[in-house]
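Here the structure is laid out as structure tokens; the discussion comes afterwards.
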Amino acid sequence: MIFTTFPDKRGLDAYRQDATPEELAEFIKTTTRDARDKLPMIKFALFGEKRSDKGCLRNDENVTEITGLEADYDGGATSIEEAAEIARQAGLSCIIYSSPSYTAHKPRWRLLTLLSKPYPPGDRDRLFARLRASMRNTASCSILPHGCCRKATLSEA
Amino acid sequence: MFDPASWVLSQSYFVGGVNGTAPFVLIIPGDRIDQLGELDEYAIGKPNGLQNGQIGNSGGRFDEKVLIEAIISGANYHRASLSLLGRWALTGIGMLEARERLIAAFECVFPPDRDQRWYDRHGEIDKLVTYVYGREADKRDERISFEIGSDDEGPPDDEIDEEALRARLSLDHWMGREIPLRERLLGDVLSTTTRMLLVADTGLGKTNLALAVTFAVARGSDYLHWHGTGEPHRVLYVDGEMSVRLMRDRIEDAIRRAGSKPAGVFVLNTEDFPELPPLSDPLGRLAIDKIIAALGGVDLIVFDNLQALLAGDMREELPWKNVLGWVEDLTRRKIAQVWVHHTGHLTTRSYGTKTREWQMDVVALLESVERPEADLAFSLKFTKARERTPGNRDDFEPMIITLSGDRWASEAGGAIGGKRRPHRDRALELLREAITREVLYRRATRTFRPEPCV
């Protein structure tokens, strides 16, 4: 599992990482800071040396390949457990973790999913649309009458 | 579902907890996202990925799924909605259900993707539904259509499958058809497919009688000489004429006379809903459909009365013509209807056009009779009774109905209390139904046996 971490949001330094899902999960669980802005950042992509005007490596022009996708949910309606169930039903391999502002009443979480191989940056929209479809068709579309949903709905499970 | 920033190529996210709070982390096994290619069928990422003329119509075939996805993806709202509604209207999907389906598709649009187009088109759904269904109703009135052959798509209109037509019209087909039994609501005068016109002169007691019938059906109890089903039902009473105060009085009276307050009775008084359009307006019918759905469905609706609930001149065809398609739709949905109506100068017939009686199964006429000791007294005769047979003739006999001291009574053949059908007859009738059900059940569950080899 190849990805990049940034020690903070400034993105002045970038570190290429190789870890198993379990190792990444442990890293997410055990990393704590006294402020959100001090937390490291993660990106399932590889970066070059092109910096922004502020010297940040984390910019679109500097992405050389994507190795996975990240999605942020702050809708506050779907719990992390429900999201996991949706992903299971979609047959999607992923890691879901709660974001720092997560509360039980207003769940916010992030989903990380890997690609089987690196892809050019231009493929990300297509693949992200697929990711969105995988999560959407199993959840919010369950009310549609004509089985546009690919998998069984939560309520049917 | 996801934050729009998630689309940004270099968007990165914080990982970890703050102030010692460890985040929840779940690992879900499965396939990698790039290996789930079949999801692309649903994954139309950016709006306007489809062009008008392409959606759902490739090669001339109607593809409902593609049309729904065109809405969900934001690729096309208007044309897809029109095509879907047109199809649903043609295939017998009720207007309410079509509306719900379309709304469901719109609601599936990812909230951040809901642009001004979405809001505009979402706001037009009711207008589109009424437009398409109104258009189809007009077409239906203008044509006689035959459905030939099976329920599958048949041959084009200009190619009649003569063999299938002969089979479809044959007596063998008729005798082999599995037609659902009537679901009675009150004796044989009211079943879930009955359309009844209850006609009476002003002040005779139409509302009291209609409410008494409403309560009996809701309770499943007998009323006068008509047998109840013993099962509770849901009844919507739509009153378009009386004030709220008067309606409340009538309801109180009905509860007292029935001796109970059945949970299945719902009363809508238009004074409480001043913005409810008349039923001759598609939006009025849509509103009633929404109310029916909100109540979880009903078995009977009483419309009190025709003149108050429809707009226009009751002598003309148009107000009733506007509502006719919906009346038929209610029947298809197995919702019995009692339409209360006034007589005109001639108290022996309903006011206005006679043609509305053509679509009725039962026409009941109330006429004044002299019974000074009674609070209400009128004669009742059925001038039309499609379901009348020698076996249930008593249910349709003319009678005099009175209300005295909060007790309803009917007089037929000279005896107060009405001529109830003997329980023996009723038992035979139930036995007959049970046998029919058994036959239908066996037909439905029979297994295929190959022809024996000779």
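The values are calculated or read from the model by the stated rules, or taken from the named source; none is laboratory data. The structure presented is a predicted model; accordingly, all values stated were derived computationally and were not measured. Note that each Cβ is placed from the backbone with ideal geometry, even for glycine, and that neighbours are counted across all protein chains shown. Ligands, DNA and RNA are stripped out before the accessible areas are found, and what is left, the full protein with its side chains, is counted by its heavy atoms. Shrake-Rupley method; radii C 1.70, N 1.55, O 1.52, S 1.80 Å.
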Pop a pseudo-label 7 angstrom from the Cα along the beta-carbon direction at both B:Asp222 and B:Val8 and give the gap in nm to one decimal. 7.8
For the stretch B:219-311, take the alpha-carbon Rg, divide it by the Kirkwood Rh, and send me Rg/Rh. 0.99
With N denoting the number of residues in the stretch B:75-130, provide Rg(C-alpha) divided by 2.2 N^0.38 Å, to two decimal places. 1.08
If I stretch the segment between B:Tyr131 and B:Ala164 completely, what's the gain in nm (0.36 nm per residue apart, minus their alpha carbon distance), one decimal? 8.4 nm
Surface share of carbon and sulfur [accessible, 1.4 angstrom probe, percent] for chain A: 47
How large are Rg and Dmax for chain A when only the alpha carbon atoms are used, in Å? 16.8, 52
Taking the Cβ of B:Gly17 as the centre, find all other residues whose Cβ is under 15 Å away and add up their charges (Lys, Arg: +1; Asp, Glu: -1). +3
So for R0 = 25 Å, FRET eff. of A:Asp125-B:Ile103 from the Cβ-Cβ r, to 0.05, ends up at 0.30
Label-to-label distance, nm, for residues given as B:Leu90 and B:Ser260 (7 Å Cα→Cβ offset): 4.9
Length gained, B:Asp172-B:Arg332, 0.36 nm per residue minus C-alpha separation, equals 55.1 nm
Whole-Hz Karplus couplings 3J(HN,Hα) for the stretch B:208-221, θ = phi - 60° and coefficients 6.51, -1.76, 1.60, Gly and Pro as x, run 4, 5, 5, 5, 4, 5, 4, 5, 5, 5, 5, 7, x, 9
Along Cα→Cβ, 7 Å out, is where each label goes; now give me the distance between the ones at A:Thr20 and B:Asp115 in nm to one decimal. 4.6
Looking only at the stretch A:110-134, which residues have a backbone nitrogen under 12 Å from a spot 7 Å from the Cα of B:Gln35 in the C-beta direction? A:114-117
Within the stretch B:190-226, the residues whose backbone N lies under 19 Å from a label point placed 7 Å from the Cα of B:Glu183 along the Cα-to-Cβ direction are B:190-196, B:214-222
For the pair B and A, how large is the buried accessible area, both sides, in square angstrom to the nearest 100, if the probe is 1.4 Å? 6300
Restricting to the stretch B:200-345, what percent of DSSP beta bridges are antiparallel, rounded to 5? 5
Which trypsin sites (Lys or Arg not before Pro) from the stretch A:27-64 combine a DSSP loop assignment with at most 13 other Cβ atoms within 10 Å? A:Lys50, A:Lys54
